[in-house]
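The values are calculated or read from the model by the stated rules, or taken from the named source; none is laboratory data. Just so it is clear, the model here is predicted, and its values are computed rather than measured. In this analysis, Cβ positions are derived from the backbone assuming ideal geometry, glycine residues included, and neighbour counts consider all displayed protein chains. Only protein heavy atoms, including side chains, enter the accessible area calculation; ligands, DNA and RNA are left aside. Shrake-Rupley method; radii C 1.70, N 1.55, O 1.52, S 1.80 Å.
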Amino acid sequence: MTLPRMATLLLVAIITLSFTNANMDQSQKTMQKNMAFQGDSLLRHVVLFKFKEDSPAEAIEEIKNAFGNLPAKIPQVYAYEWGLNNSPEGLNKDLTHCFLVTFRSEEDRAVYLPHPEHMAFVELLKPHLADVLVVDYWSK
């Protein structure tokens, strides 16, 4: 075999290996990303309220503020947000207020639920609550 022919074959082998490694690296990166995604999944605690018709606006405002203060009082809460229903579909079954509490683990949620600050909030809420729906799920 001549030297130029050997050099050409060596070059082809190097290029082939480079493409194979690049594809393997991309595949590994995708796999790592998927594994990280599963590990980074968050536990969402969705709470929907319907308030009693005779509950004054001031009481509802106090409840919203009290719920919003829980993350500062309970460190296991990773994130919090809330909003009013504005769906045009009319499928909310009169539930008007949506609160989303996020946890990093089921253990964090297990601390939150019976936490004295959360229980005090529940007591503030009870006299004004007509209905509630709670759904928890792991984000995907």
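Give the long-range amide H neighbours of D131: residues separated by 5 or more places, or on another chain, with amide H under 5 Å away, using H modelled in the peptide plane at 1.01 Å from N.
HN-HN under 5 Å from D131: K50.
For a label point 7 angstrom out from the Cα of K64 toward its Cβ, which stretches of segment 73-89 have the backbone nitrogen within less than 19 Å?
Once the point is set 7 Å along Cα→Cβ of K64, 80-88 turn out to lie under 19 Å by backbone N, inside segment 73-89.
Using protein chains only and a probe of 1.4 angstrom, how many square angstrom of D131 are accessible, to the nearest 10?
For D131, the solvent-accessible surface is approximately 70 Å².
With labels modelled as points extended 7 Å from the Cα through the Cβ direction, what inter-label distance (nm, one decimal) is found for L100 paired with A120?
Label at L100, label at A120, 2.8 nm between them.
Once you sort the root eigenvalues of the Cα gyration tensor of segment 40-140 as a ≥ b ≥ c, which label holds: rounded (a/c under 1.5), prolate (a/b larger than b/c) or oblate (the other case)? The partial results should precede the final answer.
Values: a/c = 2.17, a/b = 1.29, b/c = 1.68.
Oblate, since a/c reaches 1.5 and b/c is not below a/b.
Explain nothing, just compute: Karplus ³J(HN,Hα) = 6.51 cos²θ - 1.76 cosθ + 1.60, θ = phi - 60°, for every residue of segment 108-120 in order, whole Hz, x for Gly and Pro.
Listing the rounded values in order: 5, 5, 5, 6, 5, 4, x, 4, x, 5, 5, 5, 5 Hz.
Mind listing the phi-derived Karplus ³J(HN,Hα) values for segment 131-140, rounded to whole Hz, using 6.51, -1.76 and 1.60 with θ = phi - 60°, and x for any glycine or proline?
Ordered by residue, 3J(HN,Hα) equals 7, 8, 9, 10, 10, 10, 7, 8, 5, 10 Hz.
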